[in-house]
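**Student:** Structure below; questions to follow.
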Amino acid sequence: MSAIHPCAFRSRIGPDANHGFYPAPLRYRLYLSLACPGCLRIAITHRLLGLADRIPLTELPAVPEPDGGYAELRTAYDRTTHGYRGPATAPVLADHWTGRVVSNHAPDILRDLAVRFRTAGTPELRPPAAEKDIAELARLCDHDITEAAQQAGRATAEGPDREAASDTLLTALATLEERLSAGPYVLGDALTAADVDLWVTLVRLDTVHRWHLDAEAVHRIAAHPALWSYAKRLLSAPAFGDSLHIDDITRRHHARCRGLEAAGAAVRIIDWTPDPSAVARCPGATQEASVAS
């Protein structure tokens, strides 16, 4: 029997009350499992924008049910689509007024939070002039880092396939190393959505994909000091560090992954425990809204 795939709900938040969904305070609730990369990006964005009082957030367990969904979300999915039979997956942006799912598509949720719910004094995570660069960085994270790392660590990948994947990954990291040697953030002097995307990608590279890479590959990945110093610096900002639960990420990975552990599993790249003494060294780290100042 083929697996039942989750339905994609992709309604969007409009600018005002003339739209069905508009940014009314306390109308919506987020349901997130912070062990999921898309959910972690949303949680960081939610914290950076100071949205706790406008959009409540419910944290879900690290490991979903066998079908990939959550019992806590079943009612919302059933109300959205009568007779829905797929998994009730996270993330979910739900409409509190109707109890239905607005969206379970992480990129749309991220964009709507940053564009429709941003208030004065919070970071402009998606400046219009940077949209093309943000999209290109997302592609690099998804394809040249995440997919390449998965291919490089796959037991069935041999010879040229593994080498090509490793070359793609290392080329992407070298590009980022050059950028971060020239400025504090990946697109220059200000924190943007591209930094949230990249930071979560780096977390996953070290805490998930590393388990399937050999020790030499991990040492080569680690040999990018500006990149990993940047990751550690953002870790000291509460929006990033407080949202990160490494044990949950590891538990989710081991519950779902059937790949073989490799020698690189024992070679941790950085310590992902937030360092309280580093907060003073991270610009604006004590106030989420000014983390990019």
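**Student:** Considering each residue of the range 20-44, count those that are part of a loop (DSSP other than H, G, I, E, B), in contact (Cβ under 8 Å) with a residue 12 or more places away in the chain and out of contact with any helix residue (DSSP H, G or I) (no Cβ under 9 Å at 6 or more places or on another chain), and give that number.
**Tutor:** Within the range 20-44, residues that are part of a loop (DSSP other than H, G, I, E, B), in contact (Cβ under 8 Å) with a residue 12 or more places away in the chain and out of contact with any helix residue (DSSP H, G or I) (no Cβ under 9 Å at 6 or more places or on another chain) number 3.
**Student:** Taking the condition under 23 Å from Ser166 (Cβ atoms) and modelled with pLDDT of 95 or more, does His224 pass?
**Tutor:** On the way: under 23 Å from Ser166 (Cβ atoms): yes; modelled with pLDDT of 95 or more: yes.
Here the answer is yes, as His224 does meet what is asked.
**Student:** Among the candidates Asp142, Asp197, which residue alone is surrounded by fewer than 19 Cβ atoms within 10 Å (Cβ to Cβ), under 21 Å from the mean Cα position of the chain (by Cα) and either of a type in the set (Gly, Ala, Ser) or closer than 27 Å to Leu110 by Cα (or both)?
**Tutor:** Residue meeting the stated conditions: Asp142.
**Student:** Return the residues of the range 1-16 that are more than 23 Å from the chain's Cα centre (by Cα), surrounded by 10 or more Cβ atoms within 10 Å (Cβ to Cβ) and at pLDDT 85 or above; say none if nothing qualifies.
**Tutor:** Hits for the range 1-16 are Gly14, Pro15.
**Student:** Within the range 60-100, how many residues turn out to be under 20 Å from His19 (Cα atoms) and either assigned to a loop (DSSP other than H, G, I, E, B) or in contact with a Cys (Cβ under 9 Å, 6 or more places away or on another chain) (or both)?
**Tutor:** 5
**Student:** Is it the case that Asp108 is charged (D, E, K, R), within 26 Å of His209 (Cα to Cα) and in contact with a strand residue (DSSP E or B) (Cβ under 8 Å, 6 or more places away or on another chain)?
**Tutor:** Values: charged (D, E, K, R): yes; within 26 Å of His209 (Cα to Cα): yes; in contact with a strand residue (DSSP E or B) (Cβ under 8 Å, 6 or more places away or on another chain): yes.
Criteria met by Asp108.
**Student:** Return yes or no: is Leu40 within 20 Å of the chain's Cα centre (by Cα), surrounded by fewer than 21 Cβ atoms within 10 Å (Cβ to Cβ), closer than 30 Å to Asp206 by Cβ and modelled with pLDDT of 95 or more?
**Tutor:** Taking the combined requirement at face value, the residue does not satisfy it.
The values are calculated or read from the model by the stated rules, or taken from the named source; none is laboratory data. Because the structure is predicted, anything quoted here is derived from the model rather than measured. Heads up, the Cβs are rebuilt from the backbone with ideal geometry, glycines too, and the neighbour counts pull from every protein chain shown.
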